[in-house]
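First comes the structure, then the notes that go with it.
The values are calculated or read from the model by the stated rules, or taken from the named source; none is laboratory data. The structure presented is a predicted model; accordingly, all values stated were derived computationally and were not measured. Don't worry about glycine lacking a Cβ; one is built from the backbone with ideal geometry, like all the others, and counts go over all protein chains shown. SASA here: full protein model, heavy atoms, side chains in, ligands and nucleic acids out. Shrake-Rupley method; radii C 1.70, N 1.55, O 1.52, S 1.80 Å.
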Amino acid sequence: MDILVTGGAGYIGSHTVIELVAAGFNPVVADNLSNSKVESLRRVAELCGREITFYQADIRDKTKFADIFSKHDFAAVIHFAGLKAVGESCEQPLNYYQTNVAGTMSLLELMAEKRVHNFIFSSSATVYGDPDGVPIPESAETRTTNPYGASKLMVENICRDLCRAPENPFKISLLRYFNPIGAHPSGRIGEDPNGIPNNLLPYISQVAVGKLPRLQVFGNDYPTVDGTGVRDYIHVLDLAKGHVAALQYLLKKEADCYTFNLGTGQGYSVLEVVKAFEQASGKAVPYDVVPRRAGDIAACYADANLAKQELAWQAEHPIERMVSDAWRWQSSNPNGYE
Ligand code: NAD
Ligand code: WQD
């Protein structure tokens with residue numbers, strides 16, 4: 001069964017391609033390589049022991065995607081392609097809305113035309129904004145504080161409206177990821193951010209490997225276990241398996257829009273993650289506590305029960321595995337895929 005994976009050369013997409021192959025699907029990747037390298041797919045092919053069909057294509061290029069659709073009989077589309085940096089989204093809102101919202105609409109229009117109705121969308125826990133409480137269930141209010149988050153919520157709303165329109169029997173899964181970290185246990189594929197990382201794990205990894213001098217811990221005066229921010233870190237392989245579970249679920253379900261949190265349900269503070277990383281790597285991660293980062297919240301972790309009940313999926317890797325796999329990837333590829 002052919003599955004179109006947009007953004008499949010990227011961090012989460014590349015791990016999902018491996019899990020799709022393991023589950024017997026035929027992933028076909030389309031990516032413009034703006035935030036990834038084709039080397040990731042070469043290594044994915046090596047790990048899978050088979051070639052992965054790849055098209056270099058921009059999600060906003062409907063003609064190019066129409067051509068890709070004409071070459072395959074897709075059973076579903078898993079849509080990872082998009083821009084994901086919160087700070088950058090405030091500087092380039094039009095670029096974010098163009099890629100994340102208009103790009104997704106163009107893909108959905110094409111799917112309607114070609115009568116491909118199964119769609120899995122990469123949403124984010126960012127749609128909960130600063131939540132009223134934790135753990136956060138899917139029914140919690142949504143609110144966003146930056147163009148990136150707004151773009152994810154807009155696509156969610158477009159998908160819900162689409163599923164209410166009887167003409168096209170779309171089956172859609174909106175997957176709200178918490179904080180994906182870690183890497184494939186082989187150490188061959190992992191997260192390869194451009195420039196100085198924004199996110200905690202790549203930053204810690206680059207300090208441990210000697211590329212960056214010290215970690216800055218953004219605030220230790222939050223109402224949390226040790227004052228530092230608490231997040232729901234999830235191993236990228238568990239997240240990848242969550243997509244396969246969501247795909248298998250959609251293939252059996254009625255046309256509708258289904259929303260799931262993909263998290264572990266457990267929160268760890270910044271200092272707890274630093275400590276776990278130091279233990280796994282045997283490297284010191286020196287840090288300074290600096291003021292809070294604008295827009296950050298104290299704590300964010302999932303109520304992960306709905307995915308467990310409906311998708312028969314739950315995250316399995318503990319934090320120790322997440323950080324040791326992250327370290328294996330970083331230490332064996334200090335310059336990422338270069
Ligand atoms: P990533 O940047 O590694 O992967 C995204 C891929 O999309 C990249 O390979 C990039 O080259 C490609 N891409 C970007 N713009 C494109 C365009 N116009 N046309 C075609 N391809 C394009 O990011 P990721 O961490 O793997 O995230 C995948 C998805 O999950 C994104 O939609 C992101 O918003 C979402 N998400 C990520 C996180 C996270 O913390 N990593 C959390 C929640 C949601
Ligand atoms: C985690 C914790 C920081 C870096 C972001 C996006 C979100 C989603 C995932 C896509 C926080 C602290 C971080 C550093 C630090 N992406 N930190 N020093 O902010 O939870 O979520 O990525 O959808 O939309 O907002 O993740 O990894 O940046 O931060 O102290 O150098 O680590 O304050 O408490 P965040 P993060």
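Only one entry in 77, 101 is closer than 26 Å to residue 15 by Cβ and touching a Phe, Trp or Tyr at 6+ places or on another chain (Cβ under 6 Å), namely 77. Filtering segment 194-246 to residues that are open to solvent by less than 20 Å² (accessible area, probe 1.4 Å), under 28 Å from residue 133 (Cβ atoms), within 16 Å of the chain's Cα centre (by Cα) and within 8 Å of ligand 2 (Cβ to nearest atom) leaves only 201.
Only one of the listed residues (81, 75) is among the aliphatic types (A, V, I, L, M), at pLDDT 95 or above and within 16 Å of ligand 2 (Cβ to nearest atom). That residue is 81.
Within segment 274-298, take every residue that is more than 19 Å from the chain's Cα centre (by Cα) and within 21 Å of residue 125 (Cβ to Cβ) and give me the one that is nearest to ligand 2 (Cβ to nearest atom).
The selected residue is 293.
Set side by side, the residues 200, 153, 215, 174 differ, and just one is touching a strand residue (DSSP E or B) at 6+ places or on another chain (Cβ under 7 Å), within 13 Å of ligand 1 (Cβ to nearest atom) and aliphatic (A, V, I, L, M), which is 174.
Do you know which residues across segment 182-210 are β-branched (Val, Ile, Thr) and closer than 13 Å to residue 331 by Cα? Don't jump to the end; show me each part of the working.
Going through segment 182-210, the residues β-branched (Val, Ile, Thr) turn out to be 189, 196, 204, 207, 209.
Residues satisfying the conditions are 189, 204, 207, 209.
Kindly indicate whether any position in segment 175-187 is over 30 Å from residue 305 (Cβ atoms), open to solvent by 40 Å² or more (accessible area, probe 1.4 Å) and out of contact with any helix residue (DSSP H, G or I) (no Cβ under 9 Å at 6 or more places or on another chain).
no
All of (1) away from ligand 2 (no atom under 16 Å from the Cβ); (2) surrounded by fewer than 20 Cβ atoms within 10 Å (Cβ to Cβ); (3) within 26 Å of residue 185 (Cα to Cα) hold for residue 5 with one exception: (2). Considering only segment 79-87, I want to know if a residue exists there that is in a strand (DSSP E or B) and under 17 Å from residue 7 (Cβ atoms). Looking for residues that are in a strand (DSSP E or B) and under 17 Å from residue 7 (Cβ atoms), one finds at least one in segment 79-87, hence yes. Number of residues in segment 104-125 that are away from ligand 2 (no atom under 16 Å from the Cβ) and closer than 21 Å to residue 146 by Cβ equals 1.
Among the residues making up segment 16-29, a single one is outside any strand (DSSP E or B), touching a Lys or Arg at 6+ places or on another chain (Cβ under 9 Å) and open to solvent by less than 20 Å² (accessible area, probe 1.4 Å): 16.
Residue count for segment 30-63, restricted to those that are in a helix (DSSP H, G or I) and either among the β-branched types (Val, Ile, Thr) or away from ligand 1 (no atom under 11 Å from the Cβ) (or both): 11. The set of residues in segment 145-174 that are without any contact (Cβ under 8 Å) to a residue 60 or more places away in the chain, small (Gly, Ala, Ser) and part of a helix (DSSP H, G or I) contains only 150.
Evaluating residue 65 against the criteria (1) under 28 Å from residue 313 (Cα atoms); (2) crowded, with 24+ Cβ neighbours inside 10 Å; (3) out of contact with any Cys (no Cβ under 8 Å at 6 or more places or on another chain) leaves one unmet condition, (1). Restricting 92, 98 to those that are closer than 30 Å to residue 147 by Cα and open to solvent by 70 Å² or more (accessible area, probe 1.4 Å) reduces the list to 98. When 112, 66, 102 are checked against the criterion of being over 25 Å from residue 53 (Cβ atoms) and part of a helix (DSSP H, G or I), a single residue qualifies: 102. Within segment 247-266, track down each residue that is within 16 Å of ligand 2 (Cβ to nearest atom) and buried (at least 23 other Cβ atoms within 10 Å of the Cβ). Matches in segment 247-266: 260, 261, 262, 263, 264.
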